[in-house]
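Here's the structure, in structure tokens; my notes come after.
The values are calculated or read from the model by the stated rules, or taken from the named source; none is laboratory data. Because the structure is predicted, anything quoted here is derived from the model rather than measured. Each accessible area value is taken on the protein alone, full model and side chains, heavy atoms only, with ligands, DNA and RNA left out. Shrake-Rupley method; radii C 1.70, N 1.55, O 1.52, S 1.80 Å.
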Amino acid sequence: MDILEGSFHLVLANARHVKNVPGRKTDVKDAEWLAKLLRCGLIESNFVPPEDIRDLRDLTRYRKKLIHHRTSEQNPIHKILQDANIKLTSVLSDIFGVSGRRILEAILNGEKIESDGLRKMVDWRTKASITDIANAINGRIRRHHRDMLRYHWEHMSYLEKAIEELEKQIDQLLSPYRKELELSDGIPGVNKAAAATFIAEMGVDMSVFKSAKHLASWAGVSPGNYESAGKRVKPHKVTKL
């Protein structure tokens with residue numbers, strides 16, 4: 001499709017709609033049948049985002065995937081710390097914040113953490129006292145714990161670097177859409193990352209959608225109405241129009 005895009009007017013047909021149109025089911029005859037339907041105007045074109053929006057969509061979706069992978073590396077770190085009786089999560093709201101990362105790196109390196117050194121590691125905004133933090137990290141960590149922590153930590157660091165690179169590329173592609181980005185970012189509960197995802201998934205030209213219902217369906221947030229014998233049934237998947 002990308003190869004023909006610049007030379008032809010392409011029409012992306014909804015397979016669900018075409019399938020409901022009767023016709024002979026062989027590859028060649030099916031193609032002839034689709035061509036006849038198109039000449040008669042019986043095939044409605046679906047929305048195809050511009051190339052830069054499609055590129056942006058690839059990047060934002062991949063960013064979401066990497067963030068999930070990062071979380072899957074952070075969860076085992078929590079488990080390993082608990083196994084080593086290090087209760088860092090009880091004194092720090094986010095062990096991957098500034099203070100938590102400094103302490104975790106010291107633990108990974110096998111450093112002996114004393115009060116003076118701990119005071120330098122802990123950010124001034126941390127609410128927990130140095131004594132409470134010192135008691136929380138006074139566990140029983142073994143070589144095996146440090147090795148496992150290092151495996152997850154290094155992979156998490158790699159993923160964070162990849163996410164940073166993606167953020168830069170996403171920011172470059174969003175340059176022509178600064179106004180739309182600011183308007184979306186101004187919606188309560190929507191941050192810059194979510195606004196970028198909105199633009200990537202739906203584009204900025206709302207005239208391509210017949211109504212707000214079509215837009216909601218395209219975005220995959222249209223509520224379904226599945227009822228059988230008076231009981232509501234949970235749908236297996238959401239189909240975009």
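Overview of values
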read-out	value
Length released on extending from S211 to K36, taking residue separation times 0.36 nm less the Cα-Cα span	60.1 nm
Members of K65/K127; K29/K210; K65/K192; K79/K112; K210/K231 lying beyond 24 Å, as alpha-carbon distances in this model show	K65/K127; K29/K210; K210/K231
Accessible area per residue, Å², segment 30-181 with all protein chains present, probe 1.4 Å	64
Inter-part distance where segment 39-98 and segment 140-186 are each reduced to a Cα centre, Å	9
Calculated from backbone phi, Karplus (6.51, -1.76, 1.60) coupling profile of segment 85-102 in Hz, x at Gly/Pro	6, 9, 9, 5, 5, 7, 10, 10, 5, 9, 6, 9, x, 4, 5, x, 5, 5
